[in-house]
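The next block holds one structure in the form of structure tokens; read it before the comments.
Any read-out appearing in this document is the output of simple, stated calculations on the displayed coordinates, not a laboratory observation. Bear in mind that the values here come from a model prediction, so they are computed numbers and not experimental data. Note: ideal-geometry Cβ built from the backbone for every residue, glycine included; neighbour counts use all protein chains shown.
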Amino acid sequence: MHYTLMRLAAVCGLLSVLVTTVEAADPPTAKLALSFKPKQADVEYDIPKTSEYDQCKVTVVRKGKASGWVVLGPGGETLRRFMDTDGDNIVDHWGYYFRGLEVYRDIDSNADNKIDQFRWMNRAGSRWGIDNNADGIVDSWKIISAEEASREAVRALTSGNSKILQPLLFNEDDAKELGIPKSVSKKLLAEVADAPAKLAKNQSAAKGIGKQSRWLQFINSIPATVPAEQIGAPQDLFIYENAMATVETGSQTALIQIGEMVRVGNSWKLAGIPQLMGKDSVQVGGILMNPATADVADTEMESEDNPVARKLIEELQELDKNSPALTASRSKMSKYYAERADLLTKLRKTSKSDELRDQWTRQLTDGLAAGIQTGVYPEAEARLKALEAELEKSNNEAPMLAYVVYRRMLAGYNVKIRDADNDERSKIHEKWLADLEAYVDKHALSDDAPEAILQIAIAEEFSGNVKKAATWYAKLIKDYPESPSLPRAKGAVKRIEIEGKPLELSGTSLQGKTIKTADYRGKVLAVIYWATWCKPCTEDLPQIRELYKKHHGNGFEIVGVNVDADASEIPAYLKQHKVTWPQIHEPGGLVDSPPARDFGIITAPTVFLVDRDGKVVKRNASVDDLKTLLPDLIAGKTPQVGADEKTSKTK
């Protein structure tokens with residue numbers, strides 16, 4: 001067995017002239033093997049110090065027809081793995097490791113001695129890029145998550161590089177693969193047409209951000225499902241209607257509109273060009289979940305017997321075919337919303353079927369609610385209230401009334417709280433809670449009641465009314481056992497009642513191992529829920545590091561529980577802020593990751609302080625609490641804990 005190192009070097013971009021062949025018994029030196037670098041720049045991997053090269057070891061590995069070299073670090077940890085996977089004696093896989101796990105791999109997939117694929121894995125994420133012409137630039141994504149796609153989109157905007165953006169954009173092949181009707185795909189493709197020019201324009205307008213800006217967070221909870229029959233496609237679609245991301249430039253943060261995203265196979269594609277959101281920006285929803293795009297195939301039976309309905313549907317289809325672009329002026333958008341609402345109102349009155357009338361009512365409601373929130377249709381709120389009043393008079397349309405009321409309330413609250421100053425926010429929030437309570441009381445059987453109860457409970461907890469919050473959580477658990485919000489409510493109750501009880505938490509570490517709080521019995525333990533985007537978490541770190549340094553030798557431990565949606569930024573953050581204690585991270589973010597969901601975590605930071613017996617002393621400890629309580633806990637004394645019900649808020 002031998003490997004052609006000169007070819008290996010050429011593929012990896014090394015300029016040095018190497019010996020043409022090296023026998024398996026004579027592997028390359030560690031210095032030579034460690035000189036290879038990933039083809040892509042955004043890879044964090046272990047690089048030993050030059051003084052440690054002599055302590056590194058290169059060994060030969062064989063598995064079936066595959067064989068190659070593994071570089072081991074001073075502690076025996078794997079640093080590199082260069083493999084010939086097809087038995088032609090030429091290396092075609094170059095693996096780079098971080099803390100014992102492979103995080104990135106360059107691949108020559110067609111044995112032409114050129115790298116044409118790039119894979120990120122484990123804590124580096126899930127991206128898999130294809131480079132058709134082997135120029136080092138991703139031409140398409142075989143796999144990319146929504147979070148990673150948003151980060152690439154931000155990188156494209158801040159650098160002005162359309163080559164980064166292009167493989168992220170929805171295209172004709174995607175439309176064909178999903179079976180999206182031409183009338184709809186035409187609109188999607190129009191949004192991403194002339195992408196380089198649009199990106200350049202958006203970058204020019206993005207004052208205050210640039211190459212020095214750093215992606216922080218993908219702002220979305222869960223993707224939405226667009227049923228196949230709604231869009232007229234052969235399969236359900238999975239989308240984010242209007243994705244956002246935050247970026248950090250120095251001490252300033254900004255909001256980037258990523259726009260509509262749709263899943264195509266294992267990749268998330270953009271149906272818009274990223275742009276910086278300013279004070280006067282209009283946040284318009286996407287195309288695929290816009291009521292204007294909803295397929296009217298279900299109405300064919302009625303339209304055949306109802307000439308009036310048929311004509312209205314044809315007018316609606318024609319209006320939707322010529323709907324304005326998401327970047328259109330306010331006047332055009334307002335005119336479109338008004339005309340569409342007029343047609344849907346007529347269809348509601350024309351329909352003889354309750355099911356179809358409900359369908360038109362939902363579409364009308366969603367469109368008017370969108371008109372309120374975007375601010376492009378001033379008459380939307382009055383029309384929604386009129387619809388609500390009409391339904392109020394009918395005893396047979398209670399579910400639809402509840403649907404309309406909740407969306408009218410939510411849209412109005414979002415607009416008011418968005419535009420309010422600090423003095424007004426408190427009153428607006430109090431009114432919102434009162435409205436939610438009245439809604440639950442009047443529409444207890446509605447589909448939106450559990451979500452309303454959860455919002456009330458969280459708001460009460462934020463306000464320091466923990467007993468009231470617990471009552472609302474308990475009501476959700478008792479009255480709505482089938483609600484998707486049930487696990488969060490159960491977790492919140494467990495968290496609220498946990499002081500004096502054992503903390504039973506386990507999760508997966510960044511190294512892929514299991515961390516259990518039970519393993520820290522006999523130690524004083526702080527479990528800190530945090531995120532890279534959480535400013536208070538970062539602001540507290542210097543004091544927490546000092547406490548850890550001061551008390552660690554006497555039995556004080558810390559376990560971090562990161563609630564970022566994407567783990568890729570965590571290692572760099574930990575290195576930058578010199579965080580050395582172990583970290584748990586599982587997918588799902590603050591809302592859906594098991595470690596957060598199981599305790600109903602609603603904010604970061606949240607800190608559990610645990611004594612040597614494994615029991616929680618404080619369920620929401622502050623840095624000041626740690627300073628006060630740690631000396632007694634470490635000494636084995638029972639500290640005096642104040643009865644503080646308040647929940648700290650993320651700044």
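For the reader, a short list of remarks on this structure follows.
- Computed from the Cβ-Cβ distance with R0 of 45 Å, the FRET efficiency linking K211 to E379 stands at 0.55.
- Theoretical FRET efficiency, 1/(1+(r/R0)^6), r = Cβ-Cβ of K615 and T580, R0 25 Å, to 0.05: 0.45
- Spin-label model, K535/D519: points 7 Å from Cα along the beta carbon direction are separated by 3.6 nm.
- Theoretical FRET efficiency, 1/(1+(r/R0)^6), r = Cβ-Cβ of K494 and A434, R0 41 Å, to 0.05: 0.90
- Here's the list of lysines a cross-link from K467 could span, going by alpha-carbon distance under 16 Å and ignoring same-chain residues fewer than 8 apart: K475, K490, K494, K646.
- Basic side chains Lys and Arg get +1 at the Cβ, acidic Asp and Glu get -1 at the Cβ, and with that the dipole of the range 298-447 about its Cα centre reaches some 480 debye.
- In a fully extended conformation the segment linking R425 and A193 would gain 79.5 nm over its present Cα-Cα distance, using 0.36 nm per residue.
- Crossing angle, helix 354-374 versus the chain [Cα axis fit, 0-90 degrees, rounded to tens]: 70
- The range 144-289 - convex hull of the alpha-carbon atoms, volume per residue in Å³: 100
- Total formal charge among the other residues, if their Cβ is under 9 angstrom from that of I107, Lys/Arg +1 and Asp/Glu -1: -2
- Entry for Kirkwood radius over Cα pairs in Å (calculated from the structure that is shown) out of [x] 28.1; [y] 26.1; [z] 32.4: [x]
- For the pair the range 208-230 / the range 407-460, the C-alpha centres are spaced 25 Å from each other.
- Label-to-label distance, K311 versus R330, with points set 7 angstrom from Cα along the beta-carbon direction: 3.6 nm.
- S35-E355 pseudo-label distance in nm [points 7 Å out on the Cα-to-Cβ vector]: 7.2
- Extended-chain gain in nm, criterion 0.36 nm per residue less alpha-carbon gap, T628 and E392: 79.3 nm
- Folded to 0 to 90 degrees: helix 398-419 orientation relative to the chain principal axis, Cα: 60
- Helical content of the chain, expressed as a calculated mean residue ellipticity at 222 nm, amounts to -12500 deg cm²/dmol (DSSP H runs of 4 or more residues, -39,500 (n - 2.57) each, divided by residue number, nearest 500).
- Size of charge dipole - the chain - debye, nearest 20, with Cβ of Lys, Arg +1 and Asp, Glu -1, no other charges: 1880
- Measuring against 24 Å, Cα to Cα, the residue pairs K349/K442; K39/K211; K575/K637; K269/K535; K186/K385 contain K349/K442; K575/K637; K269/K535; K186/K385 as the ones spanning a longer distance.
- Alpha carbon centroid spacing (whole Å) that separates the range 495-513 from the range 104-127: 36
- Taking a sphere under 14 Å around the Cβ of E379 and counting the other residues whose Cβ falls inside, with K and R at +1 and D and E at -1, yields a net charge of +3.
- Dipole of the chain, positive end: most advanced residue of V623, V559, V103 [Cβ charges, Cα centre]: V623
- Net charge of neighbours whose Cβ lies under 10 Å from the Cβ of Y413, counting Lys and Arg as +1 and Asp and Glu as -1: +3
- Using alpha-carbon coordinates, inclination of helix 623-634 to the longest axis of the chain, degrees: 50
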